[in-house]
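Some notes on the structure that comes next.
The values are calculated or read from the model by the stated rules, or taken from the named source; none is laboratory data. Just so it is clear, the structure is predicted and the values come from calculations on it, not from any experiment. Don't worry about glycine lacking a Cβ; one is built from the backbone with ideal geometry, like all the others, and counts go over all protein chains shown. Side chains are part of the model used for accessible areas, which takes the heavy atoms of the whole protein and leaves out ligands, DNA and RNA. Shrake-Rupley method; radii C 1.70, N 1.55, O 1.52, S 1.80 Å.
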Amino acid sequence: MSASPATVSPVKVSLTGIKPTGEPHLGNYVGAVKPALQLVREHEALYFIADYHALTTVRDPDLLRHYTRSVAATWIAAGLDPDRVVVYRQSDVPEIFELNWVMACMAGKGLMNRAHAYKAARDRNQEAGRVDADAGINMGLYNYPVLMAVDILIMEADVVPVGRDQTQHVEIAADIAGSFNHVYGETYRFKIPQAVVPAGETGHTLPGLDGRKMSKSYDNTIPLFCGEAQLKKLVRRIPTDSTPVAEPKDPDASHVFQILEQFAAPEVVADTRLRLQAGGMGWGELKNQLFEVLNAQLSPMRERYDALLEPDSPLDGMLAAGAEKARKRAIPVLAQVRRAIGVA
Ligand code: ADP
Ligand code: TRP
């Protein structure tokens, strides 16, 4: 059936959740921040800092506060306009945690056993030869997919842009929503969400300082907003081979070039590619070029970021305003669920 010309297709809601477990690095920017910022063009976009999700691992209160502000400041410095989109902290929306219980009662335990974050933690225990495969695993990690489902469902999101590793969690959210709808669908139905893997995620994994994927877990990152001197130092540390300056080089095998590709203008990338292939361009020169490109692009963002991290900056007010907008969405959903299940 085709839509009649009079039908206006409603704007889809997209929801992005970011766990504040560290200071953002270049890989996060390329793989997550940049692609998610594009969503603003075609969606009603919501972005939240999943601070209660970080509690499964971050146990230092000052650090959790710092990472939460750092992640929020990063997104705003990178171009998110809190007046146009909704930016909030998960912990500022208490409705999420009430719905969390309701949805836990809809979620099969077997579904949680199969969730990959939990399975990966068990595998690590088994590989380490521990007798108890659940050693060191808290219930927060185990229940994490339920809370993530609620994050999504309570905001009635249509699409959820996530890294590949998170698509299973969005499928679990759809599954839990389906269970609820099956029982209570006559009174209230959750929207069934869909995961989308941003283009940046499919093709480009940024290498880190040791050539492996840039990741906090490998301690091989270039922080997005480290100072200029530190940035220069870290770029110099990216490994290269010992091909002499005069020899032709394979750009695609170079970690430095792979990073340059993600930040420099296409003409600059094409020109550098040719120069490397022709011979005569050394790794030192390539690293200087990468530093210049990164610094030119990141400096204005870094200034905004540093200003937002000041104790009395507008950041906290922005998050409070965002929480108010987010709660306007969450409150009516929870009220309908409460009626549907029989507690109101
Ligand atoms: P980390 O590996 O540093 O802990 P996360 O797992 O918190 O990073 O990832 C947050 C987001 O950043 C995800 O969407 C992920 O796909 C993206 N991301 C992380 N590292 C990279 C990378 N090296 N290249 C591209 N994207 C990345
Ligand atoms: N689990 C996601 C991660 O580790 C973060 C997250 C929590 C999330 N809740 C979400 C992402 C809801 C999208 C939607 O990166």
Any idea of the accessible area per residue across the range 216-305, 1.4 Å probe, to the nearest Å²?
51 Å²
Rounded to the nearest 10 degrees, the helix 283-309 long axis (Cα) sits at an angle to the longest Cα principal axis of the chain of 40 degrees
Given pairs LYS12/LYS216; LYS119/LYS191; LYS119/LYS233; LYS19/LYS232; LYS19/LYS328; LYS34/LYS119 and cut-off 26 Å on Cα-Cα distance, the over-length ones are LYS12/LYS216; LYS119/LYS191; LYS119/LYS233; LYS19/LYS232; LYS34/LYS119
Using only Cα atoms, locate the centre of the range 30-60 and the centre of the range 261-298, then give the distance between them in Å, rounded to an integer.
30 Å
Between ALA270 and ARG236, what's the calculated FRET efficiency when r is the beta-carbon distance and R0 is 22 Å? Round to 0.05.
0.35
Out of the total accessible area of the range 89-233 (probe 1.4 Å, heavy atoms of protein only), what percent is carbon and sulfur?
48 percent
Using the reciprocal of the averaged 1/r over all distinct C-alpha pairs, how large is the Kirkwood radius of the range 216-305 in Å?
13.7 Å
For the chain, what does -39500 (n - 2.57) per DSSP helix run (n ≥ 4), summed and divided by total residues, give at 222 nm, in deg cm²/dmol to the nearest 500?
-16000 deg cm²/dmol
Say the dipole of the chain comes from +1 at the beta carbon of Lys and Arg and -1 at that of Asp and Glu; which of LEU63, ALA73, SER179 then lies farthest toward its positive end?
SER179
Could you tell me which trypsin sites (Lys or Arg not before Pro) in the range 78-154 are loop residues by DSSP with no more than 13 other beta carbons within 10 angstrom of their beta carbon?
ARG84, ARG130
Accessible area per residue in Å² at 1.4 Å probe, computed on the range 1-96:
47 Å²
Net charge of Cβ neighbours under 10 Å - reference TYR188; Lys, Arg +1; Asp, Glu -1
+2
Using the alpha-carbon atoms, what tilt in degrees (0 to 90, nearest 10) does helix 167-184 show relative to the longest principal axis of the chain?
10 degrees
